[in-house]
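The values are calculated or read from the model by the stated rules, or taken from the named source; none is laboratory data. Just so it is clear, the structure is predicted and the values come from calculations on it, not from any experiment. Note that we place each Cβ from the backbone using ideal geometry, even for glycine, and neighbour counts take in every protein chain shown. Accessible surface areas use protein heavy atoms only, side chains included; no ligands, DNA or RNA. Shrake-Rupley method; radii C 1.70, N 1.55, O 1.52, S 1.80 Å.
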Amino acid sequence: MLKKIERSALKENMRFSAPVFFDDGEYMLVNEGVPLNKKELDALARWDIPYVLTSGFEMKEGEELPEPEEMEELVDDNFENSETYNDNRSGIEKRNPLTGEQIIKLPEVLKKSSLYSAYEGLINKLDVVFSMIKKQQEIKARAVDGIVNDLFNLVKNERVSMVGYILGGSVAGKDLAKNGVNSAIISMIIAESLHIPDVHLMQIITGALLHDVGMLRIDDSILNKEGKLSESETTLIQAHTTYGYKIIVNNLFYPEEVGLIAARHHERWDGKGYPSGISGKQIDIASRIVSAADAFEAMVSPRIYRGRLLGYDAMKNLVADNARRFDPDIVKAMIQNMGIYPIGSIVLMNNSVIARVVEACPQTPLRPKIKVLIDEFGQVFPDNKGDLIDLKTNRTLFIVRAVNPSESRHQENGENLDSGK
């Protein structure tokens with residue numbers, strides 16, 4: 001049960017055992033175990049938000065988070081307990097010349113590839129479609145169909161790389177189009193794992209690309225407002241689901257099944273969503289899939305009130321949802337196919353290696369394939385030239401934790417990953 005904490009009671013570096021939300025649970029402020037910082041507290045004051053909500057408790061200094069039960073069911077029985085591991089991060093960090101920004105970005109050799117160009121092309125094409133819709137220019141459904149077909153073929157043939165671009169890509173701006181493309185990639189992967197036929201799969205991809213198209217009918221002054229939205233403004237924002245349905249069905253002439261994805265992607269498993277308040281399997285499976293995919297994409301994308309979440313933290317947040325917002329079977333399918341440490345995540349290994357996750361393993365979600373960025377001796381491997389290691393077969397190595405690239409520092413300052421400075 002969510003409990004209320006007055007803003008005046010919040011202090012820097014406070015941590016809670018569950019995610020902290022504001023606006024009556026609509027938006028997450030910080031994830032579980034993440035300390036509050038001045039930026040977040042200032043934002044609450046600036047927007048005059050009187051309280052936050054959390055189902056957790058305040059954590060003491062040094063207290064660690066337990067793994068959620070649902071997460072444990074999906075992980076290795078032989079997974080080593082990282083709390084007992086004393087790593088040598090300080091030594092590695094002093095020899096590490098990479099900045100956090102360099103670590104999280106895709107290697108230049110991959111960004112220059114034709115595949116990454118095709119991914120950027122999808123976003124650019126969808127952005128053009130959205131621009132025409134916003135200007136109320138005539139647009140043909142076949143313009144969207146071309147993007148759907150291209151995305152379908154790219155994910156079919158290059159699924160691993162396409163998922164990696166969600167965390168590691170660097171497309172600037174075009175946020176609505178980027179969210180649409182990334183949500184469509186995730187939605188297709190979930191739908192395929194559930195053995196949904198291709199004819200319905202194409203409808204899901206289309207709906208995922210267009211699920212937020214109704215936002216184009218909302219006035220920019222409301223969308224870009226920095227302060228807390230009024231009740232009437234919140235109602236207008238929520239109307240984007242109805243606008244989206246009408247654009248998809250009445251203007252683009254797609255079948256109702258596609259329009260319903262836009263109409264229902266904010267419905268909740270527990271029935272507390274909008275616009276209709278339906279629950280469980282009353283919500284069509286396509287909308288349930290896109291809802292979870294959209295939430296993950298939103299969490300790993302930066303917002304004005306917070307930075308991007310780590311992929312691992314976003315996955316844990318979906319698991320911790322505990323069948324409130326999302327269908328638990330959809331969340332399970334996401335974890336099995338994208339990994340607890342999603343493709344593109346930066347991770348610290350038990351031998352002090354820093355690596356990028358490059359492929360998930362559905363049978364052992366905590367043991368993906370990784371690509372070494374910095375080895376145990378501090379040797380840096382730029383341009384994607386590090387060793388490829390399959391943790392499913394290499395049982396001596398395991399992931400200690402996900403690494404936030406902002407924790408990394410330049411070689412000259414010699415700070416370690418745990419310094420918090």
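Some notes on this structure:
- Taking 18 Å as the limit for the C-alpha separation, the pairs Lys281/Lys332; Lys178/Lys281; Lys134/Lys174; Lys134/Lys178; Lys135/Lys246; Lys39/Lys228 exceed it in the case of Lys178/Lys281.
- Near Tyr51, the amide H atoms lying under 5 Å from its own belong to Arg7; only residues 5 or more places off or on other chains count, and H is placed 1.01 Å from N.
- Hz values of 3J(HN,Hα) by residue in the stretch 176-184 - Karplus curve (6.51, -1.76, 1.60), Gly and Pro given as x: 5, 5, 5, 4, x, 5, 5, 5, 5
- The overall shape of the stretch 171-326, judged from the alpha-carbon gyration tensor, is rounded, with an a/c ratio under 1.5.
- Unit charges at the beta carbon, dipole of the stretch 209-288: most positive-side option, Gly273, Asn250, Ser230: Gly273
- Phi to ³J(HN,Hα) by Karplus 6.51 cos²θ - 1.76 cosθ + 1.60 over the stretch 231-245, Hz, x for Gly, Pro: 4, 5, 5, 4, 4, 5, 4, 5, 5, 4, 5, 5, 4, x, 4
- Residue-normalised accessible area of the stretch 109-156, expressed per residue, 1.4 Å probe, Å²: 53 Å²
- The stretch 150-223 - percent of accessible surface contributed by carbon and sulfur, probe 1.4 Å: 50 percent
- For the stretch 219-297, the Rg and Dmax computed from alpha carbons only, in angstrom: 13.4, 38
- Karplus-derived HN-Hα couplings along the stretch 383-398 (A = 6.51, B = -1.76, C = 1.60, θ = phi - 60°), whole Hz, x at Gly and Pro: 6, 6, 9, x, 5, 9, 10, 9, 6, 5, 9, 8, 7, 7, 9, 8
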